[in-house]
Amino acid sequence: MKYGFFDDENREYVITTPRTPLPWINYLGCEDFFVLLSNTAGGYAFYRDARLRRLTRYRYNNSPLDSEGFRIYIRDGASVWNPGWQPVQAEPDSYRCRHGLGYSVIEAEKDGIGVRQELIVPKGGNCLLMRVGLTNRCDVQKQLKLFPYIEFCLWDAMEDGSNFQRNLSCGEVEVDGAAIYHKTEYRERRNHYAVFWANRMPDGFDTSRDAFLGVYGGPARPEAVFGSGCTGSIAHGWQPVAAQEFSVCLEPGERSSFIFGLGYIENPTDEKWEAPGVINKSRAKAMMARYSDDAAFDAAMKELGDHWDGLLSGFRLSSGDAKLDRMAGIWNQYQCMVTFNMSRSASYYESGMGRGMGFRDSCQDLLGFVHMIPERARERILDIAATQFEDGSAYHQYQPLTKKGNMDIGSGFNDDPLWLIAGTDAYLRETGDFSILNEMVDFDNDPTKAQPLMEHLRRSFRFTLTHLGPHGLPLIGRADWNDCLNLNCFSETPGESFQTTGPSEGPVAESVFIGGMFVKYGRAYADICRHIARTEGSDAYGREADEALKAVSDMETAVLTAGWDGSWFRRAYDAFGHVVGGSGCEEGKIFIEPQGMCVMAGIGRKTGEAAAALKSVKEHLDTPYGVVLLQPAYTRYHAELGEITSYPPGYKENAGIFCHNNPWITCAEASLGHGGRAFEVYRRITPAYIEDISDIHRTEPYCYSQMIAGKDAAGFGEAKNSWLTGTAAWSFVSISQAILGIRPELDGLTIDPCIPSSLKSYTVTRRFRGADYRITVDNPDGAETGIREAWVEEKKTELSGNAGPCLTGRGLLLAPAAPGSVVEVKVILGV
Ligand code: BGC
């Protein structure tokens, strides 16, 4: 069952009922100011850091769900309703929510009154703009009341939700004309405030929640709206809000438009006040003046649209399959931008309080984002690297506001360092900008310890090499990619951290997965060294490359011996030296991660283990909704395995369809030339293809979710944790590079498709290092891979063949063209 449809021309998903199975959200903002917005206008706003600079309050886990947001109440005689349906839940006569790229529009009509609520975070503005248009479609005059309403958060969302003995006394506001200033804590150490404003004078306002809603009223039945209007209350402590009241008289056919804003302002310390106790409003006034009318609002919309035109023009697809085109060309890239901005901090499942930016998560997010704004990727790489320790290990997370490592969780996740190589390698392939490697970057955010980025990569690589276990495989530490496989923890007490309790790190437990990573990204590191050796004529880098490849080859041997189980790659060895993820295990016999990573790394490609491992994945882990993480699911808790066994069977890491590593299987299958199977794995979790089962899937049909319940779960097929997942970046890699086969390399752009035989032709327009490539792939004989003929600018061209860097050895390597040029490429698949 569907709850909407894709409007490809406008790049929107149009939701046709407010009663979606779960709130279906959008992200507004692409720089510093962000809003999470649901299809019923629920959500919240923050500046940069969802925990430390939260502007509006949001209660997760509430009932009904999604009670707080950017609310508009319409009072029409005795009837009160919201265009977004929530929170009053009065039935509109019609309803539509259009989620677009960086904006949303909710349109509803009731009793002849049409309301259009448009929300956008303008580029270059630290604010949310909300335009509300009212239209009288009746043939009589209408006297209406309009009330916008938001509830402020007292900045630190964690404190806001816990330290009530203090914060119920802290709230402070100022009201000045059509603006309500939220200046809580401004009198002491803060030099920032929030402002809610309207572009015309209201007839009334409230800033005390109790006054507007009533102590026991609640947002579904605000006393001011249902009763005798706003009271002009000034909040002193308790819960400051911004509510306004407007009387609107509309003749038949008449339309009236209001613009509201919610802004974040910072003042220099010596310019905090305009009079004792009165905040300096000059910056807020400039913001209000900038966005005061429809023309300004329209211009902001247009600017945003142009921005996205530019971003998406870097990769466009026309394949004849509308679902594929819209995912690869629009929504997957959009989600990559969101994950780049948010990491795993703020979604409807991530509270914005728990985690900042993840080291490994952000490095992986770069893989799907780097082609859009390489300069921002560059900055991010340098920020992440600066949190690395001198021994090459890394803080697992850091706060976006301070860019400092997060001590609570600390270090010890032994895959982290290698992801820095992965992210940097993706940047180098995309841009060819090797100057980044010379940038001086702190260790542990300490400038006295700064070293060139290349040295950071070297230490990342060495970290694994100097942390090997009894089988020559990498030590796992607290966990590797799978945060829940905690082989050194042994927690028996509820409430303890699964990752940081007990020894947490040990000299025995090893990860085959990190072994695979080391081979994949160790080769990438060697390629980078080799490239520098060649371009700079440096023997030292040549030797470093040779040494790295020797270490990679030793690791390959270790993986193919101690890491090989006979039909698939093992997952790990636990702290007692027992196999995890082997046929001899009672449960958890086979895991997805090492199959994907080791095959992507090319381990066992020539000797058959790679193909055997993928066959085992299909046999043991496949389901109609995606590939599950492991089988059989753990049915009881194992202290020696950790959090993974704490989940009920079929959920999360315990045999859920953990979408993030499905694209690894796609890439792995493509590396073996299995185009049909690669596409099958891709399609099963790709939202546009499962839009028809939105009643089962439940999360948004336009973005990937972290997890879909596996076959052992009661809710098989039901997704959770939409938006903030590495699935976005890896899915984009899998479709754009592995399947469609447009792959940036250090030396140019490779064309190496691996597609289902049913795909007969497609065209990709790809911007690469400033040049636009128009690549047409024809597949007349229904091949899955292999280029038969190629033309560049209508000239028949030699294929790079086995000497080339292409995975199938049959691709076409295009040297970078001059920036600004347009290169026409045509390839024909087949033998
Ligand atoms: C984390 C990732 C981790 C994954 C698997 C996600 O919640 O953000 O870093 O790799 O879970 O455990």
* **Residue ID - farthest from the ligand (Cβ to nearest atom), chosen from residues in the stretch 632-661 that are of a type in the set (Phe, Trp, Tyr) and either in contact (Cβ under 8 Å) with a residue 12 or more places away in the chain or in a helix (DSSP H, G or I) (or both)** => TYR634
* Scope the stretch 269-322; condition without any contact (Cβ under 8 Å) to a residue 12 or more places away in the chain and among the polar types (S, T, N, Q); matching residues -> SER282
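Condition check: within 18 Å of TYR13 (Cα to Cα) and among the β-branched types (Val, Ile, Thr). Does THR727 satisfy that?
No, not satisfied.
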* Does SER731 fit the bill of being more than 16 Å from the ligand (Cβ to nearest atom) and either within 27 Å of MET357 (Cα to Cα) or crowded, with 24+ Cβ neighbours inside 10 Å (or both)? -> no
* Which of the residues that make up the stretch 219-245 are open to solvent by 20 Å² or more (accessible area, probe 1.4 Å) and part of a loop (DSSP other than H, G, I, E, B)? -> PRO219, ALA220, ARG221, GLY227, SER228, CYS230, THR231, GLY232, ILE234, TRP238, GLN239
* Structure fact -> Going through the stretch 315-333 in order, the residues found to be open to solvent by 10 Å² or more (accessible area, probe 1.4 Å) and either outside any helix (DSSP H, G or I) or within 15 Å of the ligand (Cβ to nearest atom) (or both) are ARG316, LEU317, SER318, SER319, GLY320, ASP321
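Here's the yes/no breakdown for (1) open to solvent by 30 Å² or more (accessible area, probe 1.4 Å); (2) of a type in the set (Val, Ile, Thr); (3) not in a strand (DSSP E or B):
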| site | (1), (2), (3) |
| --- | --- |
| THR557 | yes, yes, yes |
| LEU560 | yes, no, yes |
| GLY566 | yes, no, yes |
| GLY584 | yes, no, yes |
| PRO594 | no, no, yes |
| MET597 | no, no, yes |
| LYS606 | yes, no, yes |
| ALA610 | no, no, yes |
| ALA613 | no, no, yes |
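Matching residues to (1) over 20 Å from the mean Cα position of the chain (by Cα); (2) modelled with pLDDT under 95; (3) over 30 Å from SER318 (Cβ atoms); (4) in a strand (DSSP E or B):
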| site | (1), (2), (3), (4) |
| --- | --- |
| CYS30 | no, yes, no, no |
| THR40 | yes, no, yes, no |
| PHE46 | no, no, yes, yes |
| LEU55 | yes, no, yes, yes |
| ASN62 | yes, yes, yes, no |
| LEU65 | yes, no, yes, no |
| TYR73 | yes, no, yes, yes |
| PRO83 | yes, no, yes, no |
| GLU91 | yes, no, yes, no |
* **Per-region count, the stretch 135-194, residues assigned to a loop (DSSP other than H, G, I, E, B) and open to solvent by 10 Å² or more (accessible area, probe 1.4 Å)** => 21
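Determine if the stretch 336-358 includes at least one residue that is over 23 Å from VAL121 (Cβ atoms) and surrounded by 24 or more Cβ atoms within 10 Å (Cβ to Cβ).
Step one: filter the stretch 336-358 for residues over 23 Å from VAL121 (Cβ atoms), giving 354, 358.
Those left that are additionally surrounded by 24 or more Cβ atoms within 10 Å (Cβ to Cβ): 358.
Checked against the condition, which is being over 23 Å from VAL121 (Cβ atoms) and surrounded by 24 or more Cβ atoms within 10 Å (Cβ to Cβ), the stretch 336-358 yields at least one hit.
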* Structure fact -> Of the conditions (1) in contact (Cβ under 8 Å) with a residue 40 or more places away in the chain; (2) surrounded by fewer than 23 Cβ atoms within 10 Å (Cβ to Cβ); (3) away from the ligand (no atom under 16 Å from the Cβ), the single one that ARG683 does not satisfy is (1)
* Structure fact -> Taking the stretch 309-348 and keeping only residues that are under 21 Å from ARG380 (Cα atoms) and among the small types (Gly, Ala, Ser), one is left with GLY310, GLY314, SER343, SER345, ALA346, SER347
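Filter the stretch 469-501 down to residues that are outside any loop (DSSP other than H, G, I, E, B) and over 17 Å from PHE569 (Cβ atoms) and give me whichever is farthest from the ligand (Cβ to nearest atom).
The residue in question is LEU475.
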* **One residue from LEU401, LEU468 being modelled with pLDDT under 95, open to solvent by 40 Å² or more (accessible area, probe 1.4 Å) and hydrophobic (A, V, I, L, M, F, W, C)** => LEU401
* Restricting the search to the stretch 103-124, which residues are among the small types (Gly, Ala, Ser) and either in a strand (DSSP E or B) or farther than 11 Å from ALA300 by Cβ (or both)? -> SER104, ALA108, GLY112, GLY114
* Structure fact -> When every residue in the stretch 502-522 that is hydrophobic (A, V, I, L, M, F, W, C) and within 13 Å of the ligand (Cβ to nearest atom) is compared, the one farthest from PHE463 (Cα to Cα) is PHE513
* Is it the case that some residue within the stretch 603-611 is touching a residue at least 40 places away in the same chain (Cβ under 8 Å) and within 16 Å of the ligand (Cβ to nearest atom)? -> no
* Among the residues of the stretch 615-632, count how many are crowded, with 22+ Cβ neighbours inside 10 Å and touching a Ser or Thr at 6+ places or on another chain (Cβ under 9 Å). => 0
* Asked: Would it be correct to say that LYS606 is at positive phi and of a type outside the set (Gly, Ala, Ser)?
  -> no
* Given the conditions (1) under 21 Å from SER671 (Cα atoms); (2) open to solvent by less than 30 Å² (accessible area, probe 1.4 Å), and given that ASP781 satisfies all but one, which numbered condition is not satisfied? -> (2)
* To do: Of all residues in the stretch 762-771, count the ones that are open to solvent by 50 Å² or more (accessible area, probe 1.4 Å) and at negative phi.
  => 1
* Structure fact -> By residue number, the members of the stretch 698-723 that are open to solvent by 10 Å² or more (accessible area, probe 1.4 Å) and either β-branched (Val, Ile, Thr) or within 16 Å of the ligand (Cβ to nearest atom) (or both) are GLN706, LYS720, ASN721
* Conditions: (1) buried (at least 21 other Cβ atoms within 10 Å of the Cβ); (2) without any contact (Cβ under 8 Å) to a residue 60 or more places away in the chain; (3) part of a loop (DSSP other than H, G, I, E, B). THR207 meets all but one. Number of the miss? -> (3)
* Asked: If we scan the stretch 21-33, do we find a residue that is touching a residue at least 12 places away in the same chain (Cβ under 8 Å), polar (S, T, N, Q) and within 27 Å of ASP111 (Cβ to Cβ)?
  -> no
* Structure fact -> Taking the stretch 361-394 and the residues there that are under 26 Å from HIS467 (Cα atoms) and of a type in the set (Val, Ile, Thr), the one that is nearest to the ligand (Cβ to nearest atom) would be ILE384
* Could you grab the pairs with beta carbons closer than 6 Å, sequence gap of 6+ or different chains, first residue in the stretch 375-395 and at positive phi, second one polar (S, T, N, Q)? => GLY392/SER460
* To do: Examine the stretch 399-416 for a residue that is without any contact (Cβ under 8 Å) to a residue 24 or more places away in the chain and acidic (Asp, Glu), and state whether such a residue exists.
  => yes
* Is it the case that some residue within the stretch 256-266 is free of Cβ contacts under 8 Å to residues at least 12 places away in the same chain and under 33 Å from the mean Cα position of the chain (by Cα)? -> no
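The values are calculated or read from the model by the stated rules, or taken from the named source; none is laboratory data. Source: prediction; values computed, not measured. Please note: Cβ atoms are built from the backbone with ideal geometry, for glycine as well, and neighbour counts cover all protein chains shown. Heads up: the accessible areas ignore ligands, DNA and RNA and are worked out on the full protein's heavy atoms, side chains in. Shrake-Rupley method; radii C 1.70, N 1.55, O 1.52, S 1.80 Å.
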